[in-house]
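K.L.:
Before I ask anything, let me first share the structure, which is written out below as structure tokens.
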Amino acid sequence: MRNLCVILADQLNQEISSLNDFNKDLDEILICELKKNFNDNNHHKKKIVYQISCMRHFGIEMDALGFKINYLKLNDPNNEDSYASIILDLIGKKGIDRVIVTESSSYDEMKSIKQWQKIIGRDVEIRKNDLFMCDKQEFEEWATGRKELRLEFFYRMLRKKYDVLMDGEKPEGGAWNFDKNNRKPLAKKVSIPKNYSCTPDKETENVINLVNNEFPDHFGSTGDFIFGVTRYEALKALNQFIEERLTYFGDYQDAMNAEDPWLFHSHLSMYLNNGLLLPKECIELAEKAFHKSKAPINSVEGFIRQILGWREYVRGLYWLKMPNYRALNDLAAEVPLPSFYWNTKTKMNCLKISIENTKDNAYSHHIQRLMILGNFALIAGIRPKEVNEWFLSVYADAYEWVELPNVSGMALFADGGIMASKPYASSGAYINRMSNYCKDCHYDVKEKVGKNACPFNYLYWNFLDRNRKKLSSNTRLGLAYRNLNNMPDSQLSLVNESAQNFLSAILKDEEI
Ligand SMILES: Cc1cc2nc3c(=O)[nH]c(=O)nc-3n(C[C@H](O)[C@H](O)[C@H](O)COP(=O)(O)OP(=O)(O)OC[C@H]3O[C@@H](n4cnc5c(N)ncnc54)[C@H](O)[C@@H]3O)c2cc1C
Ligand code: SF4
């Protein structure tokens, strides 16, 4: 029996389940650069370069290892932009008996894979996606009967299951979570190691030219492309993080800095999300660093919680709640996405820098995404659909399964609290405490209302005021609502007036 193993664009790992019993004498592999994966959104040029170059390098490596590869490049005349048509063609040419594929991470792609059998007239075996540590079904079982789907309990379950950072039955270091130690602003004297960076080889140079020709109007540029594109390079990036940045990862996890977009984060998400790295090996190396006293518990636990906790959790939630999750807009947010998200033209320094970092690097770290870009969209009441489109386009690590819950659930509270126990809304004071953005801003972070006031200040109170019905009973917002209720009416009117003026300026597309 001759099998055709289809390796999807984000499954670039030899350990993938579709290859488990691959017979090099008989079986063949299909890898295909589907155009629709790259032009269905205004994807950042660096994101497209990254994805295509990784696929090409993987194809070359597998070929060198003796796997029979059918690789269809973006502009190949046989690339019909649909897996089913391409497979049908290969069946005719190569006498394929059965197709094997690992389940897709994307809801829509999975839907079309389920149609393949009918279209191609051959058995299609869909295998579990073993690039994740928690199976979809396991998440569903965990979620069944729970009133709230909080990360913390899910994360503890996986810590125990995989015996990660455990001291017998108890968590290593005496606590499950060291988050309260991980909220320091960047210390003045701390020196930040340089982020991992690769020089593009000939293959990547070709892809850069291809992307410049095929996607000239997409967001960002291909210049200064520094991501690794092979497993070897991704492993080097992982090792460099463990050696040079993990120690301070925890301390400065929430810090932001105008001069450095990378800080002590790992910058590994793009490698994890297309299979170049496996979550388990990242966790094992971090845990080893702890046991060798190379990194403290708050950093190691913090890093492991992101990968074993948040990453697996958002994937489970996505599959549990799709397809309806996409349409959720619980706070009825209807303001259009301001044009500055695309063109960086805003006087708000925190947003300007975060968007410029995103445009330059196809990367920004979590706190920029959550507490600047997401927080603004939340308190200004921007339409979730448009915010999701933006986030899905601009980051090299963005795939719907991870982007959507983070945006609609964590950042926008558009799911009504399925994911987060309260909205991550904050005024300018938080941004000022955690960054050095405010000192060079057009607006005054100390001013509460009026033309010069920091927009985050009045938008924050206006957000709480206009969403009283939905949010005032949330116990985690008790203090905020007590403060709002104690605000003199005259002050609240000024807050709401400033917010109205600001939101009208967004509607008129004025520079704000
Ligand atoms: C609004 C918003 C949108 C986001 N969109 C994406 C996205 O499209 N793709 C994506 O991979 N992550 C997304 N995240 C999660 C997180 O911000 C990124 O994973 C992280 O910034 C990637 O940088 P890093 O590798 O340096 O992460 P680190 O800070 O070094 O964290 C280590 C790893 O943990 C994982 N991780 C951390 N936080 C999360 C999280 N909330 N959800 C899932 N995995 C997490 C990532 O794999 C990451 O590489 C988003 C978060 C928010 C708030
Ligand atoms: S003053 Fe307000 S808008 Fe300006 S950087 Fe600070 S938080 Fe951002």
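The values are calculated or read from the model by the stated rules, or taken from the named source; none is laboratory data. This one's a predicted model, so the numbers in the text were calculated from it and none came from an experiment. Cβ placement follows ideal geometry from the backbone for every residue including glycine, while neighbour counts extend to all protein chains displayed.
K.L.:
Of all residues in the range 336-347, which are touching a helix residue (DSSP H, G or I) at 6+ places or on another chain (Cβ under 6 Å) and either in contact (Cβ under 8 Å) with a residue 60 or more places away in the chain or more than 16 Å from ligand 2 (Cβ to nearest atom) (or both)?
P.N.:
Within the range 336-347, Leu337, Pro338, Thr346 qualify.
K.L.:
Let me ask something else about it. Quick check on my filter: what residues within the range 12-41 are modelled with pLDDT under 95 and either acidic (Asp, Glu) or more than 23 Å from the chain's Cα centre (by Cα) (or both)?
P.N.:
Across the range 12-41, the qualifying residue is only Asp40.
K.L.:
Find the residue count for the range 366-387, including only residues that are part of a loop (DSSP other than H, G, I, E, B) and not small (Gly, Ala, Ser).
P.N.:
Here the count works out to 1.
K.L.:
Taking the condition within 10 Å of ligand 2 (Cβ to nearest atom), out of contact with any Gly (no Cβ under 6 Å at 6 or more places or on another chain) and either free of Cβ contacts under 8 Å to residues at least 40 places away in the same chain or farther than 17 Å from Pro336 by Cα (or both), does Gly478 pass?
P.N.:
no
K.L.:
Six or more apart or on different chains, Cβ under 8 Å: which pairs go from a residue in the range 388-404 that's more than 19 Å from Phe227 (Cα to Cα) and free of Cβ contacts under 8 Å to residues at least 40 places away in the same chain to one that's surrounded by fewer than 21 Cβ atoms within 10 Å (Cβ to Cβ) and hydrophobic (A, V, I, L, M, F, W, C)? Could you list them?
P.N.:
Glu403/Leu392
K.L.:
In this structure, is Cys282 at pLDDT 95 or above, within 13 Å of ligand 1 (Cβ to nearest atom) and not charged (D, E, K, R)?
P.N.:
yes
K.L.:
Further question: So the check is Cβ under 9 Å with 6+ separation or different chains; which pairs have a first residue in the range 169-189 that's under 11 Å from Gly250 (Cα atoms) and a second one that's of a type in the set (Lys, Arg) and in a strand (DSSP E or B)?
P.N.:
From the range 169-189, no pairs qualify.
K.L.:
Within the set of pairs 6 or more residues apart or between chains, which connect a residue that is outside the structural domain of Met348 (by TED's automatic domain parsing) and closer than 12 Å to Lys347 by Cβ inside the range 432-448 to a residue that is outside any loop (DSSP other than H, G, I, E, B) and more than 9 Å from ligand 2 (Cβ to nearest atom) with Cβ atoms less than 6 Å apart?
P.N.:
none
K.L.:
From Lys236, Lys288, grab the single residue that is surrounded by fewer than 22 Cβ atoms within 10 Å (Cβ to Cβ) and under 20 Å from Pro171 (Cα atoms).
P.N.:
Just a single option satisfies the conditions, and that option is Lys288.
Residue-wise test of (1) crowded, with 19+ Cβ neighbours inside 10 Å; (2) within 24 Å of Thr230 (Cβ to Cβ); (3) outside the structural domain of Asp360 (by TED's automatic domain parsing).
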| site | (1), (2), (3) |
| --- | --- |
| Leu8 | yes, yes, yes |
| Asp21 | no, no, yes |
| Asp25 | no, no, yes |
| Lys35 | no, yes, yes |
| Phe58 | yes, yes, yes |
| Asn79 | no, yes, yes |
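K.L.:
Right, something else. For residues that are near ligand 2 (Cβ under 10 Å from one of its atoms) and buried (at least 20 other Cβ atoms within 10 Å of the Cβ), scanning just the range 444-458, find the one that is nearest to His365 (Cα to Cα).
P.N.:
Per the stated criteria, the residue is Phe456.
K.L.:
Also: For Ala64, work out the one condition from (1) within 25 Å of Met270 (Cβ to Cβ); (2) touching a residue at least 12 places away in the same chain (Cβ under 8 Å) it doesn't fulfil.
P.N.:
So Ala64 meets the others, but not (2).
K.L.:
From the list Leu268, Leu276, exactly one residue is closer than 18 Å to Arg369 by Cβ and either within 16 Å of ligand 2 (Cβ to nearest atom) or of a type in the set (A, V, I, L, M, F, W, C) (or both). Which is it?
P.N.:
Being closer than 18 Å to Arg369 by Cβ and either within 16 Å of ligand 2 (Cβ to nearest atom) or of a type in the set (A, V, I, L, M, F, W, C) (or both) holds for just one of Leu268, Leu276, which is Leu268.
K.L.:
If you take just the helices (runs of 4 or more DSSP H) that sit entirely in the range 78-149, which of them hold at least 1 residues that are in contact with a strand residue (DSSP E or B) (Cβ under 7 Å, 6 or more places away or on another chain) and under 23 Å from Glu403 (Cβ atoms)?
P.N.:
83-94, 107-120
K.L.:
Could you run through the range 348-365 and say how many residues are within 16 Å of ligand 2 (Cβ to nearest atom), part of a helix (DSSP H, G or I) and of a type outside the set (Gly, Ala, Ser)?
P.N.:
9
K.L.:
When the range 49-67 is examined, which residues are found to be β-branched (Val, Ile, Thr) and closer than 23 Å to Ser85 by Cα?
P.N.:
Ile52
K.L.:
Of Asn432, Asn457, Asn436, Asn462, which residue is on the phi < 0 side of the Ramachandran plot and out of contact with any helix residue (DSSP H, G or I) (no Cβ under 8 Å at 6 or more places or on another chain)?
P.N.:
The match here is Asn436.
K.L.:
Which numbered condition in (1) crowded, with 19+ Cβ neighbours inside 10 Å; (2) more than 8 Å from ligand 1 (Cβ to nearest atom); (3) over 16 Å from Gly173 (Cβ atoms); (4) free of Cβ contacts under 8 Å to residues at least 60 places away in the same chain is the only one that Asn274 fails?
P.N.:
(4)
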